[in-house]
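The values are calculated or read from the model by the stated rules, or taken from the named source; none is laboratory data. All values derive from a computational prediction rather than experimental measurement. We place every Cβ from the backbone using ideal geometry, glycine too, and count neighbours over all the protein chains shown.
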Amino acid sequence: MTRPVFRFAPSPNGELHLGHAYSAMLNHQLAREAGGRFLLRIEDIDIGRCRREYEDAILRDLAWLGLEWEEPVRRQSDHFEDYAEALDRLIDAGLVYPAFMSRGEIRAFIAGTDDGGASWPRDPDGAAHYPGEDRHLSTAERRARISAGEPYSWRIDMMAAVAHAGAGLSWREEGSGPQEECGLVAADPAAWGDVIVARRDVPTSYHLAVVVDDAIQGITHVVRGRDLFQATAVQRLIQELLGLTPPTYLHHDLILGDDGRKLSKSRRDTAISVLREAGAQPGDIARMVGLRQLTSG
């Protein structure tokens, strides 16, 4: 019987805070209770913001919390070739296209519609869908613009991708999610429009990298915050397009600040290092995030 595999995948662009600690400790606990494996992954594809000193600090904080993980730790920046290979498969299948419009051009295009963009479709996060005008460029024109050095990103041709994936796309949810969903959840990737899967200078995006990583590492259970519940639809689509086995998902509640908002790395008062320096112990952190059972052995 295959052992369950859980993972915690922080981005080293700031300090670990209580919200991260909760997710890491919950994954560690669930892996331990299931007799499974617990892996650590460093999601550092954003080379401009991610720093090695933050990564080192994250490892120190996790070790101080009493977490143990398998070595080696997978660092995304060491595996761009894996993402490039997956991207090439999507390109060869005609399911992605080079998109040349800048953010300013997107805003101008939408503002120039009949109602000034009032009815323009938006994704679950509130961002406007990409217009997709360059979806119809010829292969020759695409190559010419790329050769000329124009900035571009690779975007999913959502209509083509959804048609390719077929009906009935869904995922298995063991958490509650923001809509109190549990069981088999219908995925609606089209709600996100033509999302970016890679950029010219980095051959991946969060969506593509996390799907490839989970498959390579054999992750069976993705346990993460409910703020990523809706985005699961895009990742399920990419899994389907690449022929990958989907994991089971559990989207847990978020640890919120006193103002009721999601914790931010810019708020150092909830950073694990700050709390530790103030005299907190690992058991205190467990109680603060509602995982008291972790303190009993």
Going by the structure shown, is A190 outside any loop (DSSP other than H, G, I, E, B), of a type outside the set (D, E, K, R), over 24 Å from V5 (Cβ atoms) and modelled with pLDDT of 90 or more? yes
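Of all the residues that make up the range 8-45, how many are of a type in the set (D, E), touching a residue at least 40 places away in the same chain (Cβ under 8 Å) and more than 23 Å from A280 (Cβ to Cβ)?
1
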If I go through the range 16-36 residue by residue, how many of them are closer than 13 Å to R224 by Cα and not in a helix (DSSP H, G or I)? 0
Could you check how many residues of the range 123-139 are closer than 20 Å to L95 by Cβ and surrounded by fewer than 14 Cβ atoms within 10 Å (Cβ to Cβ)? 4
What residue, among those in the range 276-297 that are modelled with pLDDT of 90 or more and farther than 14 Å from Y22 by Cα, is surrounded by the most Cβ atoms within 10 Å (Cβ to Cβ)? R276
Residues of the range 44-67 being β-branched (V, I, T) and part of a loop (DSSP other than H, G, I, E, B), which ones? I45, I47
Going residue by residue through the range 57-73, is there one that turns out to be acidic (D, E), touching a strand residue (DSSP E or B) at 6+ places or on another chain (Cβ under 9 Å) and buried (at least 20 other Cβ atoms within 10 Å of the Cβ)? yes
Considering the range 198-228 alone, what residues qualify as being crowded, with 19+ Cβ neighbours inside 10 Å, assigned to a loop (DSSP other than H, G, I, E, B) and at pLDDT 95 or above? T204, S205, I219, T220
Search result, residues across the range 126-170 that are among the polar types (S, T, N, Q) and assigned to a loop (DSSP other than H, G, I, E, B): S138
Checking the structure you have, find out if any residue of the range 82-103 is farther than 21 Å from V195 by Cβ and at pLDDT 95 or above. no
Note on E141: of the conditions (1) farther than 22 Å from I106 by Cβ; (2) charged (D, E, K, R); (3) without any contact (Cβ under 8 Å) to a residue 24 or more places away in the chain, unmet is (1)
Could you list, in sequence order, the residues of the range 68-115 that are of a type in the set (V, I, T) and either touching a residue at least 60 places away in the same chain (Cβ under 8 Å) or assigned to a loop (DSSP other than H, G, I, E, B) (or both)? V73, I91, V96, T113
In the range 241-260, which residue that is without any contact (Cβ under 8 Å) to a residue 60 or more places away in the chain and hydrophobic (A, V, I, L, M, F, W, C) is nearest to L30 (Cα to Cα)? L256
Do we find a residue being of a type outside the set (F, W, Y) and more than 21 Å from the chain's Cα centre (by Cα) anywhere in the range 73-88? no
Does any residue in the range 226-240 that is over 17 Å from E85 (Cα atoms) come within less than 7 Å, Cβ to Cβ, of a residue that is among the acidic types (D, E) and surrounded by fewer than 22 Cβ atoms within 10 Å (Cβ to Cβ) six or more places away or on a different chain, and which pairs are these? R226/D253; A233/D188
Pick from A163, A118, A167, A148: which is closer than 25 Å to V202 by Cα, surrounded by fewer than 13 Cβ atoms within 10 Å (Cβ to Cβ) and without any contact (Cβ under 8 Å) to a residue 12 or more places away in the chain? A148
